[in-house]
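Below: one structure, written as structure tokens.
Nothing in this text is a laboratory measurement; each read-out follows from the coordinates by a stated rule. Just so we're clear, the structure is a prediction, and the values are computed from it rather than from any experiment. Glycine gets a Cβ as well: all are built from the backbone with ideal geometry, and neighbour counts include every protein chain shown.
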Amino acid sequence: MNRLLRVSALMLVACLLPAQEKEIVAMLQQSVADWNRADIPAFMRCYEDSADTTFVSKAVVKGTAAVRERYRTAYPTPVHMGKLTFSELVARVVSPGTAIVTGRFRLERTEKGGGPAQGIFTLVVRKSAAGWRIIHDHTTAL
């Protein structure tokens with residue numbers, strides 16, 4: 001009986017994965033829409049509100065407030081924010097409430113705004129009552 005329960009639980013998890021992946025991609029698409037409206041507070045809703053939320057790029061930034069401030073400083077105006085797109089998004093659910101997402105970003109900006117930028121990222125996302133949220137963001141500009 002124990003084996004049957006384990007097999008049933010694994011089958012249930014396998015059935016949930018595509019739906020979870022779609023939810024994660026939808027959360028990221030919303031974050032792009034928020035960014036493209038130059039709305040950093042709305043964009044930050046994709047991050048878990050926690051002192052443990054981590055952003056890694058040229059430096060390691062800990063805590064949602066510090067990540068928000070990093071974005072405000074690095075992208076002070078809509079011209080600096082430009083237009084964001086994500087591509088090659090792959091969400092890999094590693095447990096029913098945790099996933100790893102990889103992808104590419106492209107930021108179209110004028111020279112005045114800092115010029116175009118692109119890179120890759122790896123996100124660790126966790127599902128909570130608020131939905132899927134980023135708990136770890138490792139972004140590298142290329």
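Charge dipole of the chain (Cα centre as origin; +1 on each Lys and Arg Cβ, -1 on each Asp and Glu Cβ, all else neutral): 140 debye, rounded to the nearest 20. Equivalent ellipsoid of the range 24-86: semi-axes from √(5λ) of the C-alpha gyration tensor, largest first, are 18, 15, 10 Å. Straight-distance candidates among the aspartates and glutamates for linking to K83, with alpha-carbon spacing under 18 Å and chain neighbours fewer than 8 residues away dropped: D34, D39, E108, E111. Taking every alpha-carbon pair in the chain and binning the separations at 10 Å intervals from zero gives 11, 39, 31, 11, 5, 2, 0 percent.
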